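Inspection log for the structure reproduced underneath, given as structure tokens.
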Amino acid sequence: MIKRAFLALLGAAMIFQLAGQQAEADEKFIIVQSTTSTQNSGLFDYLLPRFQDRTGIQVRVVAVGTGQAIRNAANGDGDVLLVHSKPSEEKFVADGFGVARSDVMYNDFVIVGPASDPAKISGSNNVIEALRKIAEAKALFASRGDDSGTHKAELRIWKAAEIDAGAASGDWYRETGSGMGATLNTGTGMGAYIMTDRATWIAFGNKADFEIMVEGDPKMFNQYGVVLVNPETHPHVKAKLGQAFVDWLLSKEGQAAIASYKVDGQQLFFPNANDGSS
């Protein structure tokens, strides 16, 4: 009788201990607010298992446009922010929502279009001249229109070209309000020019007869930054686990992992954590 009671207590204690260990394991995760380009390109599918194997920390990604990712992180709905709009990231930190911002990697934007090339921009490395030709020809242009990093960059270039593309909204300028992959699907379906990050384009499977039309302009440089969400602003932030992810991305191991990710033999992102951060 006493023996049975002791065994029952021992069993209950073991179950309680295992439940506690499981609860602790379940808590060992972070939420990263990031962009559709890092998700659509397959980069996270490549990086995150390596990080988890190294640290035991699971990363759950919320992939939205940069503007939405920043708003989500500012609301405390995440532990780390990884996006691509440096002025917005710096403001996020200055407003007290982030601890510090670091460069992590870069690639570039390109403009893709149908082989028929109605605006005759193929082979150009001058994006302002290319956008002016698109506007003059009133050739279809599909914009994300979603306040993403890509959309912000596109708007800056239209402004530099002194063209109010928004005035042609619904005419030759079409705003999808969608992520990069969905906008590429829409744009290729309607035969429109599209500005996209190169990584998503390389990984995109539904290219049809579309080709890269404009590339190589310094104005199309695309920098990504990483920021730990400020635990002083949002006390529930998993600062220690989030910082471990930030540190790994910026480490030699993390930077090498970013550099080694390729699709069809092409490198999609180029690490530059040590080239100058803010």
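Rule-based calculations on the coordinates, nothing more; no lab input. Computed from a prediction, not measured in an experiment: that's the story for all the values here.
Relative to the longest principal axis of the Cα atoms of the chain, the long axis of helix 127-137 makes an angle of roughly 60 degrees. Comparing ARG54, ARG198, ARG174 in a Gaussian network model of the chain (Cα springs below 10 Å), the most mobile by mean-square fluctuation is ARG54. Our coupling estimate for the range 107-118, obtained by passing each phi through the Karplus curve with A = 6.51, B = -1.76, C = 1.60 and θ = phi - 60°, is 8, 8, 8, 9, 10, 10, x, x, 4, 5, 6, x Hz, Gly and Pro reported as x. Karplus-based coupling profile of the range 54-69, in residue order and whole Hz: 6, 10, x, 9, 8, 10, 10, 9, 9, 9, 9, x, 3, x, 5, 4, with θ = phi - 60° in 6.51 cos²θ - 1.76 cosθ + 1.60 and x standing for Gly or Pro. Could you tell me the distance between the Cα centroids of the range 218-232 and the range 67-114, to the nearest Å? When both Cα centres are located, 4 Å separates them.
Among beta bridges identified by DSSP and lying wholly in the chain, the antiparallel ones come to about 60 percent. Taken along its principal axes, the alpha carbon cloud of the range 28-91 reaches lengths of 33, 24, 16 Å, longest axis first. Taking max minus min of the alpha-carbon positions on each principal axis, the range 112-152 gives extents of 28, 19, 18 Å, largest first. Cross-linked pairs LYS86/LYS159; LYS28/LYS91; LYS91/LYS252; LYS28/LYS238; LYS86/LYS240; LYS152/LYS219: Cα-Cα separations exceed 20 Å for LYS28/LYS91; LYS91/LYS252; LYS86/LYS240. A helix-only calculation puts the chain at -13500 deg cm²/dmol for mean residue ellipticity at 222 nm, using -39500 (n - 2.57) for each DSSP H run of at least four residues, averaged over all residues.
Roughly what percent of Cα-Cα pairs across the range 54-178 reach past 18 Å? Intermediate values should be presented prior to the final figure.
Values: 4735 of 7750 pairs.
Summing the P(r) of the range 54-178 above 18 Å gives 61 percent of all pairs.
Computed on the range 173-278, the Cα convex hull volume stands at 167 Å³ per residue. All Cα-Cα distances of the chain, cut into 5 Å bins from zero to the largest, leave 1, 6, 12, 15, 16, 14, 10, 8, 6, 4, 2, 2, 2, 1, 1, 1, 0, 0, 0 percent in each bin in turn. Both the radius of gyration and Dmax for the range 70-115 are 14.0, 47 Å, in that order, over alpha-carbon atoms.
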